[in-house]
Amino acid sequence: MEPTVTADKPFCLIADLHVAFHGRPVLKAIDLSLDSGGITVLLGPSGSGKTTLLRALNRLNEDFPGHLRSGRIQLRLAGELQEIHQPEISVTALRRQVGMVFQTPNVLPTSIQRNLLLPLKLVTDLDREEREARIEEVLREVHLWSEVKERLKESATILSGGQQQRLCLARTLALKPHYLLLDEPTASLDFKTSRAIEDLLLELQENYRIIAVSHSLRQARKIAGRIIVMKDGEIVHQLDREGIACPETLPQLLEELF
Amino acid sequence: MLNRNSGKRDFTAGGRLTSPAGRIHFPGELLLRSAALFSALIIFALFGFLAYFSLPLFIEGRLGELFSLHWRPFQGQFGILPMIVGTLLLALSALALAYPLGLGICLFIHGLGPALLARPLLLLVQGMTGIPTVVYGFVSVFLLVPLLRNLFAHGSGFSLLAALLTLALLILPTIVLLIHSQLGQVVPALRLTATALGIARERELLYISLPASSYGLLAAAILGFGRAVGDTLIALMVAGNAARIPDSAFDSIRTLTAHIALVVSTDSQSTTYQSLFAGGLILFLTTAAINLLLHRIKSRACPSGDGS
């Protein structure tokens, strides 16, 4: 099927991607081209391969046992499209540029401050002052600064679910990624907190290329600039802004799927 | 917060075999309770027995004699200080050798080494727990002791060094298995997070997982030390058993445990026999202190109740 979004300057090109775990195919012949145009949302029933497709982009699938892949993935890194599996690309460097936030907030069992400082210390060569400036910057970016500035030394686990998820987002942003992969980032949060995170994502789309997995039609409609519908490891539909805005298309599509 | 942790907590709360009132109801209850009571009584009886027999030493003000440097039973001197020093020297040095080694093995298993070798290495260490202590002692007497004797040309080879090398091997599995089980809980939860942040595996282990495993790290040191203090056979077989404070690692030492075993096997009538009870009491209290300490650390590391 012809992609609805035409690729004049794509930032992500996937060609004939197959991924299998322990011989069981999870992604089959994925072809995809993404260009700027807002948040890309992957939508589909569970088991349709959304998360695997997301993890293919930061090569996180490789850390799961029995992983087998074929096909090409190109991402725009340092201004030009680069094949992410070529040997010159360091996988840890790739993951810094393609940041990821998980379904459940996964703060480290340490202080709020250290949650942000430690990754910076381990993967960048910023000095202490630069690191501290950076964490203030990202905490402001996710609107958490005013809530935590007085208690940076306290344990991150005392924060609420929504705060923890924003902290995880800040931790990823602190590494200055170009891409943000979000795996159902509001799945474990209540309605109101989800709304706040969605508003935040809409702000962040100005500065980052965001690809998110979602299982909520409401959420997809609200944040997506492009929706990719998946089923059984294949992309079955792609919708651009007009398709999303059309009141019939999406519900009809999902009714067919679920 | 609530969402994230509730699943885990519900499981723990629902996993207890208790009814809301907190009482356990099943047919063998009485039997189990009596068994528990009986075991507790034995421990108290043991303590009472040791205290009762060593009491004369404390009452008659002969503590000075007890903690003297000289063990000359035929001249009425029965100081056990050399044995206490020997025990501490041996246990601490064996721990100092085995602990870094054990930690290294655990880090190797959890990702510093090739995954292909991790499992065989773990199986080897687990297998080591099944080897009877006497085998270590025996092999040491025939291989290690002559080697040390020839290598350093100092004394008989039966020495602190021989004992600490053998004992380190004995306590290694205790240390490895404790740290390993702690890392096994901590690493899976943190590794994916760290990996997704572009943190290399070795850095994740050293800077994230290891600091999060402090309870296991401490417990391994304390239990390893306890195991080393409590072991009798290694010291008895290869340390040489000279009742004096050693000048170097090549000198012979005698530990409290070996001392008790030696005296009991040769003499059970003389008055010096009382000093053994004092030695036994010291060992008993050391073990009790180690267990209490461990309990304290554990309750601090994993507070009961629902925490927040």
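The values are calculated or read from the model by the stated rules, or taken from the named source; none is laboratory data. Computed from a predicted model, the values in this text were never measured in an experiment. Glycine gets a Cβ as well: all are built from the backbone with ideal geometry, and neighbour counts include every protein chain shown.
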query: Do we have A:P45 as crowded, with 19+ Cβ neighbours inside 10 Å, touching a residue at least 12 places away in the same chain (Cβ under 8 Å) and in contact with a helix residue (DSSP H, G or I) (Cβ under 7 Å, 6 or more places away or on another chain) here?
result: no
field: Counted residues, the range A:61-91 - those being more than 22 Å from A:L169 (Cβ to Cβ), within 14 Å of chain B (Cβ to nearest Cβ) and among the acidic types (D, E)
entry: 1
task: Taking A:V142 as the residue in question, decide whether it is within 14 Å of chain B (Cβ to nearest Cβ) and buried (at least 16 other Cβ atoms within 10 Å of the Cβ).
output: no
task: Scan the range B:192-209 for residues that are in contact with a helix residue (DSSP H, G or I) (Cβ under 6 Å, 6 or more places away or on another chain) and either closer than 19 Å to B:P114 by Cβ or more than 12 Å from chain A (Cβ to nearest Cβ) (or both) and jot them down.
output: B:T195, B:A200, B:R201, B:E202, B:R203, B:E204, B:L205, B:S209
field: Hey, B:G226 surrounded by 19 or more Cβ atoms within 10 Å (Cβ to Cβ) and more than 11 Å from every other protein chain (Cβ to nearest Cβ) or not
entry: yes
- prompt: Can you tell me which of A:L94, A:L122 is at the interface with chain B (Cβ under 8 Å from one of its Cβ atoms) and farther than 24 Å from A:K153 by Cβ?
  reply: A:L94
- prompt: Just checking, how many residues over the range A:193-243 are closer than 22 Å to A:V138 by Cβ and not aromatic (F, W, Y)?
  reply: 20
Candidate set: the range A:190-224, residues that are within 14 Å of the chain's Cα centre (by Cα), not in a loop (DSSP other than H, G, I, E, B) and not hydrophobic (A, V, I, L, M, F, W, C); chosen: the one modelled with the lowest pLDDT: A:S214
query: What about A:A93, is it among the small types (G, A, S), within 18 Å of A:Y179 (Cβ to Cβ) and part of a helix (DSSP H, G or I)?
result: yes
- prompt: Can you name the residue in the range A:145-161 that is surrounded by fewer than 18 Cβ atoms within 10 Å (Cβ to Cβ) and in a loop (DSSP other than H, G, I, E, B) and is also farthest from the other protein chains (Cβ to nearest Cβ) among such residues?
  reply: A:K153
Residue check, B:L41 closer than 30 Å to A:D63 by Cα and out of contact with any strand residue (DSSP E or B) (no Cβ under 7 Å at 6 or more places or on another chain): no
query: Conditions: (1) away from every other protein chain (no Cβ under 14 Å); (2) surrounded by 19 or more Cβ atoms within 10 Å (Cβ to Cβ). A:G99 meets all but one. Number of the miss?
result: (1)
task: Within the range A:173-189, track down each residue that is aliphatic (A, V, I, L, M) and in a loop (DSSP other than H, G, I, E, B).
output: A:A174, A:L175, A:A187, A:L189
field: Number of positions in the range A:27-58 that are within 25 Å of A:I223 (Cα to Cα) and either of a type outside the set (A, V, I, L, M, F, W, C) or assigned to a loop (DSSP other than H, G, I, E, B) (or both)
entry: 18
message: Given the condition surrounded by fewer than 22 Cβ atoms within 10 Å (Cβ to Cβ), more than 9 Å from every other protein chain (Cβ to nearest Cβ), assigned to a loop (DSSP other than H, G, I, E, B) and at pLDDT 90 or above, answer yes or no: does some residue in the range A:127-137 qualify?
response: yes
- line: The residue that is farthest from B:V186 (Cα to Cα), considering only those in the range A:66-90 that are of a type in the set (A, V, I, L, M) and not in a strand (DSSP E or B), is A:A78
query: Are any residues in the range A:162-198 at the interface with another protein chain (Cβ under 9 Å from one of its Cβ atoms) and among the charged types (D, E, K, R), and if so, which ones?
result: A:R171, A:D190
